[in-house]
Amino acid sequence: MDRYLEAKQKLRGSIAPVVTPFHEDESIDYESFKNLISWHIQSGTHGISVTGTTGEPGSLTAGERVQLMEAAAAEVNGRVPFVPGTGSVNHKETIYLTKKAQEIGADAALVIVPYYNKPSQHALYKHFKAVAGSVDIPLIIYNIPGRTAVNLHVETLARIKEDCPNVIGIKESNKDFEHVNRVLSKCGRDFLLYSGIELLCYPMLAIGGAGHISATANIVPEKVAGIYDAWTEKDVEGALNLHYELMELNDVLFKDTNPAPLKAALGMMGKIKPILRLPMDLPSPQLQEEVKKVLKKYVSLPDTVTP
């Protein structure tokens with residue numbers, strides 16, 4: 001149990017959900033991937049996550065996901081906590097990937113509510129109980145009803161937390177702020193609550209959240225981490241200023257499905273080649289121009305950018 005208490009103290013702040021870069025032939029660009037991870041750490045990011053929603057897991061094979069986890073773990077090399085996404089639509093694959101995360105030495109695993117299947121609350125309980133029982137590393141559940149078509153109820157989460165000591169937190173990509181308040185009320189204020197909604201990163205800290213797992217960190221890692229840093233330093237005004245400063249960037253990055261605008265932006269920054277695997281694709285040329293216009297307000301772009 002001491003291990004889980006230690007994890008609760010360590011797994012806080014901005015945990016960046018890193019994109020999966022591809023070459024023109026859609027093979028994984030491991031060099032750019034490793035460069036992104038080191039850039040995040042140098043920029044003050046508090047933790048690294050890969051193969052979650054922002055990493056396009058639905059476009060990756062299970063083998064590729066394992067290879068990405070291994071590459072990320074080697075690049076992180078203990079410098080910050082490492083929390084790969086191991087969830088899947090498939091129960092046995094979820095267990096397989098979560099076991100692999102444990103073997104690799106991950107500090108925790110991020111396990112999404114299974115998408116497409118629309119399981120009942122009872123089925124969700126059984127799924128997460130089985131996954132938690134298959135490993136002894138800490139688990140963070142990922143609730144994103146907008147992409148899974150089912151919401152993990154607070155009562156179900158509390159039951160999972162009660163019966164699975166290694167379930168230590170949840171990433172809530174949930175716009176229902178009443179719901180996320182009730183998570184800490186039901187599960188205890190030591191339960192780790194992370195925001196997966198960019199405009200709720202600051203508000204969740206105010207109610208006792210542990211941090212955020214925000215796609216925008218891929219663009220301005222120091223500012224997204226800065227919200228948490230300012231809050232913990234009791235600089236409420238500084239945190240609030242960053243919250244509002246990032247709003248325009250947050251908005252434009254979600255005018256198409258994540259990570260499409262994000263990858264376009266990273267391409268403009270020269271960090272990656274702006275490539276997604278179908279059925280995902282880059283935003284329309286009009287939206288890419290809007291992304292570029294907004295992006296220039298936050299970062300310096302190289303002379304040659306896309307589009």
Qualifying positions in the range 97-146 - in contact with a helix residue (DSSP H, G or I) (Cβ under 7 Å, 6 or more places away or on another chain), in a helix (DSSP H, G or I) and under 23 Å from GLY47 (Cβ atoms)
LEU97, THR98, LYS100, ALA101, ILE104, PHE128, VAL131
Only residues that are surrounded by fewer than 18 Cβ atoms within 10 Å (Cβ to Cβ) and either closer than 24 Å to GLU233 by Cα or not hydrophobic (A, V, I, L, M, F, W, C) (or both): list them for the range 7-31, please.
LYS8, GLN9, LYS10, HIS23, GLU24, ASP25, GLU26, SER27, TYR30, GLU31
Of the residues in the range 17-42, those that are within 21 Å of ARG277 (Cβ to Cβ) and either touching a helix residue (DSSP H, G or I) at 6+ places or on another chain (Cβ under 7 Å) or modelled with pLDDT under 95 (or both) come to PRO17, VAL18, VAL19, THR20, PRO21, ILE28, TYR30, PHE33, LYS34, ILE37
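Residue check: is SER173 in contact with a helix residue (DSSP H, G or I) (Cβ under 8 Å, 6 or more places away or on another chain) and closer than 20 Å to THR232 by Cα? Please lay out each step first, then the result.
Numbers: in contact with a helix residue (DSSP H, G or I) (Cβ under 8 Å, 6 or more places away or on another chain): yes; closer than 20 Å to THR232 by Cα: no.
In short, no.
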Selection over the range 150-167 where residues are of a type outside the set (Lys, Arg) and either crowded, with 22+ Cβ neighbours inside 10 Å or in contact with a Cys (Cβ under 7 Å, 6 or more places away or on another chain) (or both) yields a count of 5
Looking at (1) in a helix (DSSP H, G or I); (2) touching a residue at least 12 places away in the same chain (Cβ under 8 Å), find the lone condition where GLN9 falls short.
(2)
When both residues are 6+ apart or on different chains and their Cβ atoms are under 6 Å apart, which pairs have a first residue that lies in the range 172-197 and is more than 26 Å from ASN258 (Cβ to Cβ) and in contact (Cβ under 8 Å) with a residue 12 or more places away in the chain, and a second that is small (Gly, Ala, Ser) and outside any helix (DSSP H, G or I)?
ARG189/GLY208
Check off (1) in a helix (DSSP H, G or I); (2) in contact (Cβ under 8 Å) with a residue 12 or more places away in the chain; (3) of a type in the set (D, E, K, R) for LYS293 and give me the number that stays unchecked.
(2)
So for the range 249-265 (the condition being in contact with a His (Cβ under 9 Å, 6 or more places away or on another chain), within 25 Å of LEU110 (Cβ to Cβ) and in contact (Cβ under 8 Å) with a residue 60 or more places away in the chain), does at least one residue qualify?
no
Unmet criterion (only one of (1) among the acidic types (Asp, Glu); (2) without any contact (Cβ under 8 Å) to a residue 12 or more places away in the chain; (3) within 30 Å of GLU155 (Cα to Cα)) for ASP235
(3)
Criterion first (of a type in the set (Val, Ile, Thr) and closer than 12 Å to ALA106 by Cβ) does THR61 satisfy it?
no
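Here is a yes/no grid of residues against (1) more than 21 Å from LYS10 (Cα to Cα); (2) among the basic types (Lys, Arg); (3) in contact with a strand residue (DSSP E or B) (Cβ under 9 Å, 6 or more places away or on another chain); (4) modelled with pLDDT under 95:
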site	(1), (2), (3), (4)
ALA206	no, no, no, no
LEU246	yes, no, no, no
ASP281	yes, no, no, no
PRO302	yes, no, no, yes
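When you look at LEU301, is it aliphatic (A, V, I, L, M) and in contact (Cβ under 8 Å) with a residue 40 or more places away in the chain, yes or no? Spell out how you get there, then give the answer.
Working: aliphatic (A, V, I, L, M): yes; in contact (Cβ under 8 Å) with a residue 40 or more places away in the chain: no.
Against the criterion (aliphatic (A, V, I, L, M) and in contact (Cβ under 8 Å) with a residue 40 or more places away in the chain), LEU301 does not qualify.
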Of LYS293, LYS273, which residue is surrounded by 15 or more Cβ atoms within 10 Å (Cβ to Cβ) and basic (Lys, Arg)?
LYS273
Could you look through the range 74-101, keep only residues that are more than 18 Å from the chain's Cα centre (by Cα) and not charged (D, E, K, R), and pick out the one that is surrounded by the fewest Cβ atoms within 10 Å (Cβ to Cβ)?
GLY78
Could you grab me the full set of residues in the range 198-230 that are hydrophobic (A, V, I, L, M, F, W, C), touching a Leu at 6+ places or on another chain (Cβ under 8 Å) and over 25 Å from GLY188 (Cβ atoms)?
ALA215, ILE219, VAL220, VAL224, ALA230
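The values are calculated or read from the model by the stated rules, or taken from the named source; none is laboratory data. Computed from a predicted model, the values in this text were never measured in an experiment. With ideal geometry, Cβ positions are generated from the backbone for all residues, glycine too; neighbour counts draw on all protein chains shown.
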